[in-house]
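K.L.:
Structure incoming, see below.
The values are calculated or read from the model by the stated rules, or taken from the named source; none is laboratory data. Fair warning: this is a prediction, and the values are worked out from it, not measured in the lab. All Cβ positions, even for glycine, are placed from backbone atoms using ideal geometry, and neighbour counts span all protein chains on display.
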Amino acid sequence: METTPTKALLATLALAAAGLASAVAVGAGAPPPPREVVVEPTTVAPGTVVSFSGTGCVDPDTGDGTGVNVVVLAPGLAPASGSDPAGERIGFLTVEADGTWAGSYRVPATGDEFLLTDGAVLELVAECYRNVPGPDRVFAYDPVTLTVDLPGPSTTSVPTTVPAAPSPEPAAA
C-alpha cells in the first residue's frame, strides 16, 4: 500500500485531533465524576464497624484526586481528643487519582467514649479537601443518616404463678 504525502498529513492530523480530544476530556473542561458516598451499615451500636466509600473527590484545577483528602465526620460517634474536641472525626483518607476513597471505623464499644442514647440520629458527612498550604474544602457530600441502636438489658421471664401445694396423703385405715 502506497502512502502519499496527503494521506500521511491526514493521518497525522487525525492522531493529533484524537490526542487533543483525549487531553480535553480528562482536563478541567471535562465534567467532574459523580459525587457519591456509601455508608454501611446505617444502624450502629457500640462495637459496630462502619464502612464508608465515595467517588468524585477531585481537585477542580487538575480533574484528579492526587493531593486531595477526605475527612469523614459523625458528631458524637468518636471520643473527644485534643485534636478533635467535638469527637466527630472518624476518618481522614487519601483519595485515589480517579477520585475514589474508602475507609472504616469501629464505633467505641463501651464506657465514656460512647455517650449516645438509643434511637439517636446522627449525620455522617464526608468532605473533600485539597492539600494546598492549609486545608481548602472543595465540597461536602450529602449527609448520610445513622441511627443508634443500643442493646437493651436482657430480660429473662420469671414464672409468676406459684405451683400448687401437694395434696395431703390419704389417711391410713
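K.L.:
Given the options Val44, Val39, Val50, Val72, name the one that is farther than 26 Å from Val138 by Cα, in contact with a Leu (Cβ under 8 Å, 6 or more places away or on another chain) and either at pLDDT 85 or above or of a type in the set (D, E, K, R) (or both).
P.N.:
One residue alone meets the criteria, Val44.
K.L.:
Do we find that Leu146 is under 16 Å from Pro41 (Cβ atoms) and either among the hydrophobic types (A, V, I, L, M, F, W, C) or at pLDDT 75 or above (or both) in this structure?
P.N.:
yes
K.L.:
Next up: So which residues in the stretch 129-138 are surrounded by 14 or more Cβ atoms within 10 Å (Cβ to Cβ) and hydrophobic (A, V, I, L, M, F, W, C)?
P.N.:
Val138
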